[in-house]
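J.: Here's a structure for you.
The values are calculated or read from the model by the stated rules, or taken from the named source; none is laboratory data. Please read all numbers here as calculations on a predicted model, not as lab measurements. Note that each Cβ is placed from the backbone with ideal geometry, even for glycine, and that neighbours are counted across all protein chains shown. Just the protein is used for accessible areas: all its heavy atoms, side chains included, with ligands, DNA and RNA removed. Shrake-Rupley method; radii C 1.70, N 1.55, O 1.52, S 1.80 Å.
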Amino acid sequence: GAYKPELNNRVLLFAHWDTRPNADQDDERKDEPILGANDGGSGVGVLLEIARQVQSKRPNVGVDIIFFDAEDYVGENGSSEDYCLGSRYWANNLHKIGYSANFGILLDMVGAKDAMFTKEYHSMNYASAYMQHVWNIAADLGHKNHFNSRMTKHVGIDDHIPVNEIAKIPSIDIIQYDPETRGFSPHWHTHDDNMDIIDKETLQAVGETVLATVLMEAN
């Protein structure tokens, strides 16, 4: 979806709408797909509300929202090349010739109660200035309890990597980090990833932060 497609001053927001085709981290029903309320659904939900807010506030900045498919698909080989198929395809086949944006923000697993979002390694590598900018906005809005200044290397590949490497749009990933597992939360890729773990306060913190970031780009 594109808001003010005629403007060159643009922000790209994206998430994956697909869910895991199998519960590989669960002890039961491993071959069944997960509901993915957090891993997939939460990012989509936040961006749908941001789209509504942008339409209402009418800022003078272009906004593009993309929901990618097949982020969490794993083929027969289990290779990293089997992940992020939608974002890889889009980055190689941009929806508009010559498309670009000032920066991009990926939302992935942004809805769990008391979720912590750290400065993810790849985001800092490709777009550290934008990550710091977003984290500063979160702090100004009173969301430092969610947006932690710690840098972590817990993400192998996510949709922001093809956007950075192929589309050449500096992009960051707002993604949950669990200090106890030193990775993703215990519900990750299990059947516990359902609406019971979703918290409206976390969704609000992420949504307010991203929306404020977008509005600050308006001329």
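J.: Just grab the label-to-label distance for His154 and Asn125, each label 7 Å out from Cα along the Cβ direction, in nm (one decimal).
T.: Simple spin-label model gives 1.8 nm for this pair.
J.: If you rank Asp27, Asp39 by how much accessible surface each has, with a 1.4 Å probe, what is the order from largest down?
T.: Numbers: Asp27 145, Asp39 5 Å².
Listed by decreasing accessible area, they come as Asp27, Asp39.
J.: Once you have a ≥ b ≥ c as the square roots of the Cα gyration tensor eigenvalues for the range 68-131, tell me rounded if a/c is under 1.5, and otherwise prolate or oblate according to whether a/b is larger than b/c.
T.: Details: a/c = 1.86, a/b = 1.10, b/c = 1.69.
Oblate is the answer for the range 68-131, as a/c is 1.5 or above yet b/c matches or exceeds a/b.
J.: May I pose another question? If I stretch the segment between Lys30 and Lys4 completely, what's the gain in nm (0.36 nm per residue apart, minus their alpha carbon distance), one decimal? Intermediate results must be reported in sequence, preceding the final value.
T.: On the way: separation 26, 0.36 × 26 = 9.36 nm, distance 4.39 nm.
Here the answer is 5.0 nm.
J.: Would you mind telling me the share, in percent, of accessible area of the chain contributed by carbon and sulfur at probe 1.4 angstrom?
T.: 48
J.: Heavy atoms of the protein only, probe of 1.4 Å, neighbouring chains included. What is the accessible area of Asp173 in Å², nearest 10?
T.: Asp173 exposes around 0 Å² with every protein chain in place.
J.: Before I look further, what does the range 139-219 give for accessible area per residue, probe 1.4 Å, in whole square angstrom?
T.: Numbers: 3920 Å² over 81 residues.
I get 48 Å² per residue for this part.
J.: So how do Ser128, Ser171 rank on accessible area, 1.4 Å probe, biggest first, that is with the largest at the start?
T.: Details: Ser128 55, Ser171 0 Å².
These residues rank, largest area first, as Ser128, Ser171.
J.: Round to the nearest 10 and report in Å² the accessible area of Ile157, as given by a 1.4 Å probe over the protein chains' heavy atoms.
T.: Solvent-accessible area, nearest 10 Å²: 40 Å².
J.: Quick one: putting +1 on the C-beta of Lys and Arg, -1 on the C-beta of Asp and Glu, what dipole do you get for the chain around its Cα centre, in Debye to the nearest 20?
T.: The dipole magnitude comes to about 1260 debye.
J.: Please calculate the 1.4 Å probe accessible area of Tyr130, with all protein chains present, and give it to the nearest 10 Å².
T.: The accessible area comes out at roughly 70 Å².
J.: Grab the Cα-Cα distance for Asn60 and Arg182, subtract it from 0.36 nm times how many residues apart they are, and report the gain in nm with one decimal. Mind dumping the intermediate values first?
T.: Details: separation 122, 0.36 × 122 = 43.92 nm, distance 4.03 nm.
Residue separation times 0.36 nm, minus the Cα-Cα distance, leaves 39.9 nm.
J.: Let me ask something else about it. Going by a ≥ b ≥ c, the root eigenvalues of the Cα gyration tensor, does the range 11-70 fall in the rounded group (a/c under 1.5), the prolate group (a/b larger than b/c) or the oblate group?
T.: Prolate shape, in that a/c is at least 1.5 and a/b is the bigger ratio.
J.: Of Phe147, Val210, Gly62, whose Cα points farthest to the positive end of the dipole of the chain (charges on the beta-carbon: +1 Lys, Arg; -1 Asp, Glu; origin at the Cα centre)?
T.: Sorting the options by dipole projection puts first Gly62.
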